[in-house]
Amino acid sequence: MHAVSISASASAIASGGARSKAAAGRRAGEIRFCGIPGDALACDSLRASHAAAATRRAVVRAAASANGATGSSGGFDYDLVIIGAGVGGHGAALHAVEEGLKTAIIEGDVVGGTCVNRGCVPSKALLAVSGRMRELHDEHHMKSLGLQVSSTGYDRQAVADHANNLASKIRSNLTNSMKAMGVDILTGFGKIVGKQKVRYGKVGFPEKEITAKNIIIATGSVPFVPKGIEIDGKTVFTSDHALKLESVPDWIAIVGSGYIGLEFSDVYTALGSEVTFVEALDQLMPGFDPEIAKLAQRVLINTRKIDYHTGVFASKITPAKDGKPVLIELIDAKTKEHKETLEVDAALIATGRAPFTSGLGLENINVVTQRGFIPVDERMQVTDADGNVVPNLFCIGDANGKLMLAHAASAQGISVVEQISGRDHILNHLSIPAACFTHPEISMVGLTEPQAREKADNEGFEVSVVKTSFKANTKALAENEGDGIAKMIYRPDTGEILGVHILGLHAADLIHEASNAIALGTRLQELKLAVHAHPTLSEVLDELFKAAKVNSGVSHSVNEPVAA
């Protein structure tokens, strides 16, 4: 058996290769949401607080109307209409009703968008299984803990059902949370037909037209499939199909070694597949800090049934048929000369995602997309073909291409609502963390070391780097999970954190202390004095902060967050 994972970034293939301020005066008894917006509170408590939420909105709207503020719809059907009910649209909608805005959200497919239905939620269910399988299969790890496991196995359909059931549960929670808060959920495909006008409806049914004081486009993205690749959904497929886990191939090729490719390699190898990565660039995991990528390759690739080809494109992929395997023709990324043809059982195309922005009626407001992305300014305001801001129109999430992460979309949506509510807000995208949920996990926030050094050279300041190992952490050692490192890039003259990168146990959870520090402008002088419970993995960050050398005489007081 042999598994091929072809890794190539979407941009490389395409080119010849892509809250902000909390509302004042919120009371402890109000509905709260934790984690990504999908982690809504239990539906019973949501329904129980529906009446209270409606009363709050009425009071806020009445006060706003009396003051002539945004809360009054002013002759419009809605204060805010959101096209797209993914994580970004959901986050914006909930924040809007909390601010007393009459809000509607239009969804043409299913609530939850890519993240909940075809992305981060079901993939984490599969990764939960792969993590447990990997641990149970590690005889040395089990014995070191004094445990004996006679045999392990899995039920493919039960694993697939676990992922599907999780997506269904979160989707239901999202829907119920919006209904409980009084958001109008309108079904159909939304289209802008003029200034502050939206038309929506299902194919084959009469359309309806509504007006809104403000409109947010949050239509998300779809898998990007390069030219020359034929998708059949069975032997050649995207992540949308892979999440259904209809089969576990003996040998699978994964085209792309970014987040999506890495996570699926973790799943497939844990379930018994062999994998080969094919990457258009000269190294695996493009976009990661180079040092972290090198260490991650040693832990996540070299020790597993994975091989790889770098510096090549998959110029043509033909699905399996008539007893023949999947054929993948590889060409040199630079010379475009044919290198070899791979024969595999299946191929996963993980070359990134493309914005879903067609059919939105952008031509009606003189807006031209750029490689499919809707152009926006730093406040997520849409700009037209002449570079002018289109009044009362915003775009968030994957559709604008600023940072294609579900929680980034939600943060952008909340930032927009802050502006609509009369409080200017600019989101610092460098403070938004990212994570790859492999075993062990990888997480990051801010700049990579090369990016930080380039910035330092251009702006004339010094950069320092400090690292700590999970092997020095008591909790990690208790778990026998000492493989890991945390790395921080910072300015010794000011104590400003420029970037943090973590490879190790629960890295995705640990990164938030660093991301919040960047967002709030907290400097290392203050973080060194913070207290962390012992023994916990959080001490990895504690040691990282304490190891930093900040120039003497630098003030501990910081009043303003670091600018993006």
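The values are calculated or read from the model by the stated rules, or taken from the named source; none is laboratory data. Owing to the predicted nature of the structure, the values given are computational and were not obtained by experimental measurement. With ideal geometry, Cβ positions are generated from the backbone for all residues, glycine too; neighbour counts draw on all protein chains shown. Heads up: the accessible areas ignore ligands, DNA and RNA and are worked out on the full protein's heavy atoms, side chains in. Shrake-Rupley method; radii C 1.70, N 1.55, O 1.52, S 1.80 Å.
Set the Förster distance to 30 Å, then compute FRET efficiency between residue 303 and residue 158 from the Cβ-Cβ distance, nearest 0.05.
So, using R0 = 30 Å, E works out to roughly 0.65.
With a 1.4 Å probe and every protein chain kept in, tell me what percent of the accessible surface of the stretch 137-177 is carbon plus sulfur.
45
Need one value: the accessible area of residue 444 in square angstrom, 1.4 angstrom probe, rounded to the nearest 10.
Per-residue accessible area (residue 444): approximately 20 Å².
Using only alpha-carbon positions, what ratio does the radius of gyration of the stretch 236-351 give when scaled by 2.2 N^0.38 Å?
The reported ratio for this selection is 1.02.
Let me know the shape class of the stretch 90-228, please: from the alpha-carbon gyration tensor, a ≥ b ≥ c as square roots of the eigenvalues, rounded when a/c is under 1.5, otherwise prolate if a/b is greater than b/c, or oblate.
Since a/c reaches 1.5 and a/b is larger than b/c, the shape of the stretch 90-228 is classed as prolate.
Considering amide H positions built from the backbone, and no H for Pro or chain starts, which residues 5 or more places from residue 193, or on another chain, come under 5 Å of its amide H?
198, 199
Per residue, how many Å² of accessible area does the stretch 431-547 show with a 1.4 Å probe?
Value returned for the stretch 431-547: 40 Å² of accessible area per residue.
Provide, for q = 0.11, 0.15, 0.16, 0.17 Å⁻¹, the log10 of I(q)/I(0) from a solvent-free Debye sum over equal Cα point scatterers in the stretch 431-547.
-0.33, -0.61, -0.69, -0.78
Leaving ligands, DNA and RNA out of it, report the carbon-plus-sulfur percent of the accessible area of the stretch 236-351 at a 1.4 Å probe.
49
Give the accessible area for residue 512 in Å² (nearest 10); use a 1.4 Å probe, count only protein heavy atoms, and leave out ligands, DNA and RNA.
Its heavy atoms expose roughly 80 Å² to the probe.
When ligands, DNA and RNA are left out and all protein chains stay put, how many square angstrom of accessible area per residue does the stretch 236-351 have with a 1.4 Å probe?
So the stretch 236-351 comes to 39 Å² accessible per residue, rounded to a whole number.
Suppose R0 equals 30 Å. What FRET efficiency, 1/(1 + (r/R0)^6) with r the Cβ-Cβ distance, do residue 172 and residue 246 give to the nearest 0.05?
That gives a FRET efficiency of 0.80.
If I model the chain as equal point scatterers sitting on the Cα atoms and use the Debye formula, what is log10 I(q)/I(0) at q = 0.06 Å⁻¹?
Those come out to -0.32, one per q.
Check which residues have an amide H placed less than 5 Å from residue 376's amide H, if you skip close sequence neighbours.
Amide H neighbours of residue 376, under 5 Å, 5+ apart: 383.
What are the extents of the Cα atoms of the stretch 320-398 along their three principal axes, in Å, largest first?
56, 30, 21
Explain nothing, just compute: Karplus ³J(HN,Hα) = 6.51 cos²θ - 1.76 cosθ + 1.60, θ = phi - 60°, for every residue of the stretch 392-401 in order, whole Hz, x for Gly and Pro.
6, 10, 10, 9, 10, x, 4, 5, 9, x
Say the cut-off is 22 Å between C-alpha atoms; which of 227/294; 471/546; 124/294 go over it?
227/294; 124/294
Taking a 1.4 Å probe, which of 142, 404 shows the most accessible area, and what order do the others take after it?
Largest accessible area first, the residues go 404, 142.
Using a 1.4 Å probe on the protein heavy atoms, what percent of the accessible area of the stretch 376-505 belongs to carbon and sulfur?
About 46 percent, which is the carbon plus sulfur part of the accessible surface.
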